[in-house]
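Q: Let me begin by handing over the structure; questions about it come next.
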Amino acid sequence: MNQAELQKVRFWPIMAAIFIGSFLCVLASASINLALEILKDHFGTTLGSVQWTLTGFMLAMGTTAPIAGYLGERFSFRRLYLFSLIGFN
């Protein structure tokens, strides 16, 4: 197989993996947004203070990007991606 055929074969599985990962990230974020009202009622606090839950979650997701880049270079991005899909969902 030449390089062009190899890239054509690998394109759709890679796109499917990226789509699934992106969808799960949005789904996790949306589920926290839906739970904010319930958390507010349960803990008897204001919506503003409960929104820190979402802020903390998004901050944690953003700070793991550099760490994931390092681990991906060290152990291969495929293994890291599969591990993260299995471990976090």
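Just so it is clear, none of the values below were taken in a lab; they were calculated from the coordinates. Owing to the predicted nature of the structure, the values given are computational and were not obtained by experimental measurement. Glycine gets a Cβ as well: all are built from the backbone with ideal geometry, and neighbour counts include every protein chain shown.
Table: residues versus (1) surrounded by 11 or more Cβ atoms within 10 Å (Cβ to Cβ); (2) more than 20 Å from Asn89 (Cβ to Cβ); (3) in contact with a Leu (Cβ under 9 Å, 6 or more places away or on another chain); (4) not basic (Lys, Arg).
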{"position": "Cys25", "(1), (2), (3), (4)": "yes, no, no, yes"}
{"position": "Ser29", "(1), (2), (3), (4)": "yes, no, yes, yes"}
{"position": "Asn33", "(1), (2), (3), (4)": "yes, no, yes, yes"}
{"position": "Glu37", "(1), (2), (3), (4)": "yes, yes, yes, yes"}
{"position": "Lys40", "(1), (2), (3), (4)": "yes, yes, yes, no"}
{"position": "Gln51", "(1), (2), (3), (4)": "yes, yes, yes, yes"}
{"position": "Ala65", "(1), (2), (3), (4)": "no, no, no, yes"}
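Q: Another question, if that's okay. Which residues, taken from segment 24-48, are under 27 Å from Gly87 (Cβ atoms) and of a type outside the set (A, V, I, L, M)?
A: Step one: list which residues in segment 24-48 are under 27 Å from Gly87 (Cβ atoms), which gives 24-36, 38-39.
Answer for segment 24-48, where residues must be under 27 Å from Gly87 (Cβ atoms) and of a type outside the set (A, V, I, L, M): Cys25, Ser29, Ser31, Asn33.
Q: Okay, moving on. For segment 70-85, which positions are at negative phi, loosely packed, with under 15 Cβ neighbours inside 10 Å and hydroxyl-bearing (Ser, Thr, Tyr)?
A: To start, the set of residues in segment 70-85 that are at negative phi comprises 70-75, 77-85.
Checking which are loosely packed, with under 15 Cβ neighbours inside 10 Å leaves us with 70, 73-75, 77-79, 82-83, 85.
Across segment 70-85, the qualifying residue is only Tyr70.
Q: Within segment 39-60, is even one residue touching a Lys or Arg at 6+ places or on another chain (Cβ under 6 Å), in a helix (DSSP H, G or I) and free of Cβ contacts under 8 Å to residues at least 60 places away in the same chain?
A: Pass one, segment 39-60, residues touching a Lys or Arg at 6+ places or on another chain (Cβ under 6 Å): 47, 50.
Add one more test, that the residue is in a helix (DSSP H, G or I), and what stays is 47, 50.
Within this subset, residues satisfying the condition of being free of Cβ contacts under 8 Å to residues at least 60 places away in the same chain are 47, 50.
Yes, that holds for at least one residue.
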